[in-house]
Amino acid sequence: MNDIQSQFVKKILNGAQTMPKEKGVAFAPSNIALCKYWGKRDAALNLPVNSSLSISLGDLGTRTEIRCIDVEQASLPAQGQAGMPAPQGIPDMVYLNGELQPVNSSFAKRISSFLDLFRPMFGNAHFEVRTENTIPTAAGLASSASGFAALVMALDDLAGWGLDKKRRSMLARLGSGSAARSIFDGFVQWNAGTNPAGTDSFAEKIDNEWPEFRIGILELSSAPKPVGSRDGMNRTVATSELYKSWPQQAAADLETIRATIDARDFALLGKTAERNALAMHATMLAAWPPLIYLQPETIEQIHKVQRVRAEGLEVYLTIDAGPNIKLLFLEENEAAVTTAFPGLQTIKPFG
Ligand code: 2P0
């Protein structure tokens with residue numbers, strides 16, 4: 001974490017008083033983008049090239065508890081430098097689904113590094129973080145989105161800052177871009193913004209519920225990804241000729257999807273979301289070295305979705321930076337879709 005990020009956090013907190021209670025607790029949902037975020041225009045502030053639109057997954061997400069564990073040592077002057085990394089020897093204690101994560105694990109390091117940005121407000125304390133994912137880990141759903149959203153909300157609860165959702169969204173964005181969207185339920189739009197300072201890049205709720213909306217998770221592979229999405233998007237932006245057309249397509253798709261939510265036009269929503277996801281994968285395929293998240297099973301299921309749709313079943317798909325497929329359909333077709341795709345895990349985003 002760096003100075004630019006520390007300054008940004010200070011600006012967003014805007015002098016809010018930190019009055020730590022015993023622990024902070026929060027839950028944030030996972031989300032699936034219908035119009036994808038792919039590419040950064042600023043790595044330090046995690047600012048996206050394009051705006052994105054997602055749907056949050058109700059009670060599937062991350063629950064986080066956080067408490068300070070070394071308040072006494074924290075007041076020692078040697079540790080009093082704002083924005084400095086955690087002092088040696090007093091690590092944060094990071095638990096994932098009940099298991100203490102090794103200090104050097106990528107999971108614990110990523111969380112500790114994010115907490116470095118907030119440590120000065122807590123007298124440079126260290127934290128115990130307990131994170132529980134209610135998303136089945138094997139489902140291939142990103143946990144960084146709900147993870148960083150829940151972490152920011154839990155920190156806010158611990159400190160008593162009383163941040164509004166816009167500020168929470170901007171802080172969560174620093175941890176992981178898609179976390180900006182996980183601050184909200186239902187349909188969510190993350191506006192890319194244009195301000196280099198990053199103060200207009202945050203998510204907002206789209207106030208429109210669609211109770212019949214269903215998402216089906218088709219788990220095809222739980223093997224670790226060869227390239228994480230952060231490196232993947234950087235490589236795409238740097239090397240893919242096709243990426244040049246992405247910002248324009250994403251902007252148009254977002255407008256269309258937004259309108260289909262208002263108009264309850266599921267067919268156009270599904271078609272636009274599916275095309276958006278495949279266009280994102282096209283930019284990846286055109287990168288060098290090529291980024292191929294799609295596995296043979298993924299391709300097979302893409303063809304199957306096309307086939308059952310041609311036979312009259314209204315089902316569409318979306319795919320993130322991985323091999324698994326998420327199906328989009330309405331309640332009226334739930335039985336038929338489940339029959340066509342055995343083993344599907346169906347989610348009701350609106351409860
Ligand atoms: C999305 N993805 O809109 C897109 C679609 C993956 C493909 O947001 O670098 O983990 O932490 O900002 O949020 C995954 O990217 O990336 C993602 P960072 P993040 O859901």
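If you average the C-alpha positions of region 216-243 and of region 302-351 separately, how far apart do those two centres end up, in angstrom?
Spelled out, the Cα-based centre of one part sits 21 Å from the other.
Taking N as the number of residues in region 213-347, what value does Rg over Cα atoms divided by 2.2 N^0.38 Å take?
1.08
Add +1 for every Lys or Arg and -1 for every Asp or Glu among the other residues with Cβ under 9 Å from the Cβ of Lys205, and state the total. Working shown, then result.
On the way: positive: Lys165; negative: Asp185, Glu204, Asp207.
Summing Lys and Arg as +1 and Asp and Glu as -1 gives -2.
Of all alpha-carbon pairs in region 6-58, indicate the percentage at a distance above 13 angstrom.
Details: 1034 of 1378 pairs.
Pairs farther apart than 13 Å: 75 percent.
Could you sort 329-335, 95-101 so that the peptide with the highest average Cβ count within 10 Å comes first and the rest follow in order?
Numbers: 329-335: 15.6, 95-101: 13.7.
With the highest mean Cβ count within 10 Å placed first, the list reads 329-335, 95-101.
Please calculate how many Å² of accessible area the chain carries per residue, with a 1.4 Å probe and no DNA, RNA or ligand atoms counted. Display every interim value, and only then the final one.
On the way: 15050 Å² over 351 residues.
Roughly 43 Å² per residue, with all protein chains present.
Taking only the Cα atoms of region 142-280, how large is their convex hull per residue, in Å³?
Given the Cα convex hull of region 142-280, per-residue volume reads 150 Å³.
Normalised by the empirical 2.2 N^0.38 Å for globular proteins, what value does the Cα Rg of the chain take? Mind showing how you got there, number by number?
Values: Rg = 20.4 Å, N = 351, 2.2 N^0.38 = 20.4 Å.
The value comes to 1.00.
Roughly how tilted is helix 229-239, in degrees to the nearest 10 and between 0 and 90, from the longest Cα axis of the chain?
Its long axis makes an angle of about 70 degrees.
Whose amide H sits under 5 Å from the amide H of Thr62, counting only residues 5 or more places off or on another chain, with H placed in the peptide plane?
Sorted by chain and number, the residues that satisfy this are Ala28, Ser30, Thr134.
Using amide H atoms built 1.01 Å from N in the peptide plane, name the residues 5+ places from Leu328, or on other chains, whose amide H lies under 5 Å from its own.
Gly216, Tyr316, Leu317, Thr318
Could you work out how far apart the two model spin labels at Leu285 and Lys11 are, taking each label as a point 7 Å from the Cα in the direction of the beta carbon, and quote it in nm?
4.0
Of the listed peptides 188-197, 274-283, 16-25, what is their order by residue-averaged count of other C-beta atoms within 10 Å, with the highest listed first?
Values: 188-197: 16.9, 274-283: 20.4, 16-25: 13.6.
Sorting 188-197, 274-283, 16-25 by mean packing, highest first, produces 274-283, 188-197, 16-25.
Taking N as the number of residues in region 163-210, what is its alpha-carbon radius of gyration divided by 2.2 N^0.38 Å?
Details: Rg = 10.3 Å, N = 48, 2.2 N^0.38 = 9.6 Å.
Dividing the Cα radius of gyration by 2.2 N^0.38 Å gives 1.08.
Relative contact order, percent, of the chain when contacts are C-alpha pairs under 8 Å separated by at least 6 residues?
On the way: 727 pairs, mean separation 74.0, N = 351.
After rounding, I find 21 percent.
Please report, largest first and rounded to whole Å, the three semi-axes of the ellipsoid equivalent to region 3-205, where each semi-axis is the square root of five times an eigenvalue of the C-alpha gyration tensor.
Numbers: eigenvalues 136, 78, 43 Å².
Three semi-axes, in Å: 26, 20, 15.
Could you tell me which of rounded, prolate or oblate describes region 223-301, using a ≥ b ≥ c as the square roots of the eigenvalues of the alpha-carbon gyration tensor, with rounded for a/c under 1.5 and, failing that, prolate when a/b is larger than b/c and oblate otherwise?
Since a/c reaches 1.5 but b/c is at least a/b, the shape of region 223-301 is classed as oblate.
Which entries of Lys10/Lys36; Lys165/Lys225; Lys10/Lys166 show an alpha-carbon separation above 26 angstrom in the structure shown? Let's see the in-between values first.
Working: Lys10/Lys36 29 Å; Lys165/Lys225 32 Å; Lys10/Lys166 15 Å.
The pairs that break the limit, which is 26 Å between Cα atoms, are Lys10/Lys36; Lys165/Lys225.
At a 1.4 Å probe, what is the % contribution of carbon and sulfur to the accessible area of the chain? Don't jump to the answer; show the numbers that get you there.
Values: 7940 of 15050 Å².
So the carbon and sulfur contribution to the accessible surface is 53 percent.
The values are calculated or read from the model by the stated rules, or taken from the named source; none is laboratory data. Since this is a predicted model, take the numbers as computed values, not measurements. Neighbour counts are summed over all protein chains in view; Cβ atoms, including those assigned to glycine, are modelled from backbone coordinates with ideal geometry. To get the accessible areas, we keep the full protein, side chains included, count just its heavy atoms, and leave off ligands, DNA and RNA. Shrake-Rupley method; radii C 1.70, N 1.55, O 1.52, S 1.80 Å.
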